[in-house]
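Every number in this text was worked out from the coordinates using simple rules, so none of it is lab data. None of the values given here were measured: they were computed from a predicted structure. Every residue, glycine among them, receives a Cβ derived from its backbone with ideal geometry; neighbour counts consider all protein chains shown.
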Amino acid sequence: MWQKLKVKMLWVFLLLLVICMNFEDNVATCTNSENTHKHIITVYLAGDSTVSDYSSSLAPRAGWGQVLNRFFDEKIVVKNEASSGRSSKSFIDEGRLKSILDQIEKGDYLFIQFGHNDEKKEDPTRYTEPYSTYKSYLKQYIDGARAKQAIPVLVTPVERRRFSEKGRARDTHGEYPAAMKELGMEENVPVIDLTAKSKALFQELGPERTKDVFFWLDAEENKNYPNGVHDNTHFQEAGAEKTASLVLEGIEESMLVPLRNHILK
């Protein structure tokens, strides 16, 4: 009697063991599949011409978003949705934010840099007032990202190349950077102060060396620009990389985990 009971108990134990092993295998398979998907993080960029991509026919002109992917490992995908001439308002009005929000997923990032075109008072399709409409439009990016469980990051507008007669780098964005930082505090959103970082860099480089950052070319220096170009707003590729490196500094300083863990050393 006792022997038969021991045999039955052994069979029950073996059956339970097989069931548990199969259950763990299934859980592991599901978990691995889910983790493989989650390990790919997409960084979406919303911004203007200082961020956007440019075709080879416009090289060496480049936005910092065009080169940002070079600083990350293979687990990070950068989707640069920035577009020349857009403000925080016109980007939304044209449906560009909606396009991002239709794609963005939980754990992705949305980096938001506007200001250059928000300043254009003469154009009501783009102009925003720093402490009212500018903040209210930016908040739509924040709310939209959070609704999709993505992570919004505000980036104050990169400075233009402008110096005083004494060679001091000047502020070129008025109250827009301060308004963005105020919104970041109100909404508990990380803010990368690219305005301050770029001004400090340009001050360090000075009026002449910043020409290598911005889109300055002599006549016949590049086949795409036979007459040369003197552009104090946009970057050539080396300048885009320098600006992107400042954004990376901000990612590190803001402790944006897990994104900062994938920065190439």
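Please find, among 257, 189, 153, 158, the residue that is outside any helix (DSSP H, G or I), under 22 Å from the mean Cα position of the chain (by Cα), surrounded by fewer than 19 Cβ atoms within 10 Å (Cβ to Cβ) and β-branched (Val, Ile, Thr). Selected residue: 257, the only one of 257, 189, 153, 158 that is outside any helix (DSSP H, G or I), under 22 Å from the mean Cα position of the chain (by Cα), surrounded by fewer than 19 Cβ atoms within 10 Å (Cβ to Cβ) and β-branched (Val, Ile, Thr). Within the option set 235, 202, 215, being assigned to a helix (DSSP H, G or I) and surrounded by 20 or more Cβ atoms within 10 Å (Cβ to Cβ) holds for one residue only, 202.
For residue 231, the requirement of being within 20 Å of residue 114 (Cα to Cα) and either acidic (Asp, Glu) or in contact with a Cys (Cβ under 6 Å, 6 or more places away or on another chain) (or both) is met.
Which of the residues spanning the stretch 57-80 are surrounded by 21 or more Cβ atoms within 10 Å (Cβ to Cβ) and among the charged types (D, E, K, R)? Scanning the stretch 57-80 gives a single hit, 61. Listed conditions (1) among the hydroxyl-bearing types (Ser, Thr, Tyr); (2) more than 18 Å from the chain's Cα centre (by Cα); (3) outside any loop (DSSP other than H, G, I, E, B) are all met by residue 172, apart from (3).
Of the conditions (1) surrounded by fewer than 21 Cβ atoms within 10 Å (Cβ to Cβ); (2) within 20 Å of residue 50 (Cβ to Cβ), residue 240 fails just one. Which one is it? In the conditions (1) surrounded by fewer than 21 Cβ atoms within 10 Å (Cβ to Cβ); (2) within 20 Å of residue 50 (Cβ to Cβ), residue 240 misses (1) alone. Limited to the stretch 97-142, what total is found for residues that are touching a helix residue (DSSP H, G or I) at 6+ places or on another chain (Cβ under 7 Å), more than 17 Å from residue 45 (Cβ to Cβ) and among the aromatic types (Phe, Trp, Tyr)? Qualifying residue count for the region: 2.
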